[in-house]
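Notes to accompany the following structure.
The values are calculated or read from the model by the stated rules, or taken from the named source; none is laboratory data. If you're wondering where the values come from, they're calculated on a predicted model, not measured in any experiment. Neighbour counts run over all protein chains shown; Cβ positions are idealised from the backbone, glycine included. Surface areas here come from the heavy atoms of the whole protein model, side chains and all, with no ligands, DNA or RNA. Shrake-Rupley method; radii C 1.70, N 1.55, O 1.52, S 1.80 Å.
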Amino acid sequence: MCLLLARHRGHLEHPEAPGLPASSHHQLMLRNGDMLLTYGDLSKQFGAGRPTVGRVLQHPERGVDAKKDVLIYDAAVHGPATADQANPSSVDISPGRYFTISSDPHIASIVGVYTSVGDYLSLD
């Protein structure tokens with residue numbers, strides 16, 4: 001994940017590395033000020049390769065911590081685990097409902113998955 005330096009009230013800030021093993025991320029600011037962060041997961045928590053994962057940051061100004069990570073899509077459903085997927089992009093369809101696209105090289109397609117805020121904030 002790439003972090004940028006930001007100027008805030010004339011001071012150059014150096015954010016700390018978040019410790020989130022992610023690549024090819026997308027940040028979607030939600031209507032309530034939260035952020036949907038989707039990315040290619042490198043942690044192996046959801047399997048080998050780079051499955052598409054998401055999390056809702058309820059206070060994005062405080063960092064990348066979230067209640068939970070959600071597996072959105074894994075191309076391994078169509079073949080071996082691959083790092084040639086993810087590159088997600090998301091849109092806010094309606095309050096609390098999101099649509100995320102990702103790639104699947106096994107079927108040579110862009111795939112889309114609907115999720116809801118409950119997927120990310122429930123503790124089940």
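Quick check on my filter: what residues within segment 59-91 are assigned to a loop (DSSP other than H, G, I, E, B), exposed (fewer than 14 other Cβ atoms within 10 Å of the Cβ) and not small (Gly, Ala, Ser)? Passing the criteria: 59, 65, 67, 68, 80, 84. Within the bounds of segment 45-54, is there any residue that is of a type in the set (D, E, K, R), closer than 16 Å to residue 100 by Cα, in contact with a Lys or Arg (Cβ under 9 Å, 6 or more places away or on another chain) and without any contact (Cβ under 8 Å) to a residue 60 or more places away in the chain? Checked against the condition, which is being of a type in the set (D, E, K, R), closer than 16 Å to residue 100 by Cα, in contact with a Lys or Arg (Cβ under 9 Å, 6 or more places away or on another chain) and without any contact (Cβ under 8 Å) to a residue 60 or more places away in the chain, segment 45-54 yields no hits at all. The condition (being open to solvent by less than 70 Å² (accessible area, probe 1.4 Å) and touching a Lys or Arg at 6+ places or on another chain (Cβ under 7 Å)) is satisfied by just one residue among 116, 94: 116. From the set of residues in segment 47-57 that are touching a helix residue (DSSP H, G or I) at 6+ places or on another chain (Cβ under 8 Å) and surrounded by 16 or more Cβ atoms within 10 Å (Cβ to Cβ), which is nearest to residue 32 (Cα to Cα)? Here the answer is 56.
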